[in-house]
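What follows is a short report on a single structure.
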Amino acid sequence: MKLKLVPARQGFTWVRHGLRVFFMRPMAFCLLFLIFMFAMATSMLVVAPLATIAFMLATQDALQGRFPMPSVFIRPLRVDRKRMWAQIQLGVAYTICAVGVYLVFVAIDGGAMGRFEAAMSAGRPPEELLPLATDPRLQTAWLVLFTGVAIISVPFWYAPALVHWGAMSAAKAAFFSTVACWRNKGALALFSLAWAGIVALLALFITTLMAALASPQMMFLMSPATLMVSAAFYASLFFTFADCFEPDSKQDVPLDALPRETP
């Protein structure tokens with residue numbers, strides 16, 4: 001696998017391609033995301049890196065005119081023993097890192113989140129909720145949590161794909177994933193900001209619609225909308241990999257399945 005550098009504007013292209021491929025098979029990608037969330041709830045975080053390559057394979061299937069099936073979650077394990085073991089190692093390593101970040105969050109939080117959730121459940125008025133929500137310990141804990149999640153996502157961003165298509169060991173894949181993220185940080189930053197902007201605009205649209213119609217029940221739209229955006233985000237991950245790495249053979253990584261912009 002040869003690392004390629006892309007301009008920052010390519011981050012927006014990845015988002016557009018992700019949305020286009022999602023709308024090719026919206027039901028399939030939504031179903032895959034629901035399966036992923038169920039797996040996360042039942043098997044903790046071990047499946048998170050595996051889901052990255054699974055959605056890349058799903059995008060690959062959609063680009064080649066096939067209907068992405070749930071079997072994409074086990075296809076990365078139906079390989080030689082070396083690559084299968086590397087994927088398992090990535091899952092275990094990600095779980096250890098994520099649990100470590102969460103434990104730091106809990107230590108800094110000092111129970112502030114629990115008190116806020118208890119007040120919310122009890123239906124406390126806003127004037128009682130505000131001091132709990134603005135507790136400095138809770139604010140610091142959330143900052144540490146988001147920062148920690150962002151940091152640990154870097155070595156795992158491309159690692160599953162590098163194991164699957166590049167036959168790298170888990171450690172080598174994590175290293176080159178970190179290098180690739182750093183070398184293409186501009187594109188990845190715009191990619192992340194674009195998705196954050198889509199989520200913000202969607203939330204603004206739904207809340208504005210709810211206010212205009214004076215119907216709090218319109219909030220029910222948030223769940224399916226969030227599902228679709230999340231599924232589209234995962235559908236776009238393939239393009240971040242396909243543009244940043246050049247495989248020895250393009251047989252397994254179809255780069256020309258959609259009209260693409262030259263970096």
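Some points to look at:
To keep it simple, each residue is scored yes or no on (1) modelled with pLDDT of 95 or more; (2) within 24 Å of Thr13 (Cβ to Cβ); (3) surrounded by 16 or more Cβ atoms within 10 Å (Cβ to Cβ).
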{"position": "Arg137", "(1), (2), (3)": "no, no, no"}
{"position": "Phe146", "(1), (2), (3)": "no, no, no"}
{"position": "Val149", "(1), (2), (3)": "no, no, no"}
{"position": "Ala174", "(1), (2), (3)": "yes, no, yes"}
{"position": "Leu202", "(1), (2), (3)": "no, yes, yes"}
{"position": "Leu209", "(1), (2), (3)": "no, no, no"}
{"position": "Ala242", "(1), (2), (3)": "no, yes, yes"}
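- Cβ separations smaller than 8 Å between residues 6+ apart or across chains give no pair from the range 104-132 residues that are more than 24 Å from Thr147 (Cβ to Cβ) to residues that are of a type in the set (Gly, Ala, Ser) and at pLDDT 80 or above.
- Flag if Gly91 is under 20 Å from the mean Cα position of the chain (by Cα), free of Cβ contacts under 8 Å to residues at least 60 places away in the same chain and under 18 Å from Thr178 (Cα atoms): yes
- Of all residues in the range 67-81, those that are closer than 10 Å to Leu57 by Cα and touching a residue at least 24 places away in the same chain (Cβ under 8 Å) have Cβ atoms under 8 Å from Cβ atoms of residues that are in a helix (DSSP H, G or I) and among the basic types (Lys, Arg), 6 or more apart or on another chain, in Pro76/Arg83.
- Being touching a helix residue (DSSP H, G or I) at 6+ places or on another chain (Cβ under 8 Å) and under 21 Å from Pro224 (Cα atoms) holds for only one residue in Ile53, Ile35, and it is Ile35.
- Flag if Leu90 is more than 22 Å from Thr226 (Cβ to Cβ) and crowded, with 18+ Cβ neighbours inside 10 Å: yes
The values are calculated or read from the model by the stated rules, or taken from the named source; none is laboratory data. Small disclaimer: the values here were computed from a predicted structure and weren't measured. As a convention, Cβ positions derive from the backbone with ideal geometry for all residues, glycine included, and neighbour counts pool all protein chains shown.
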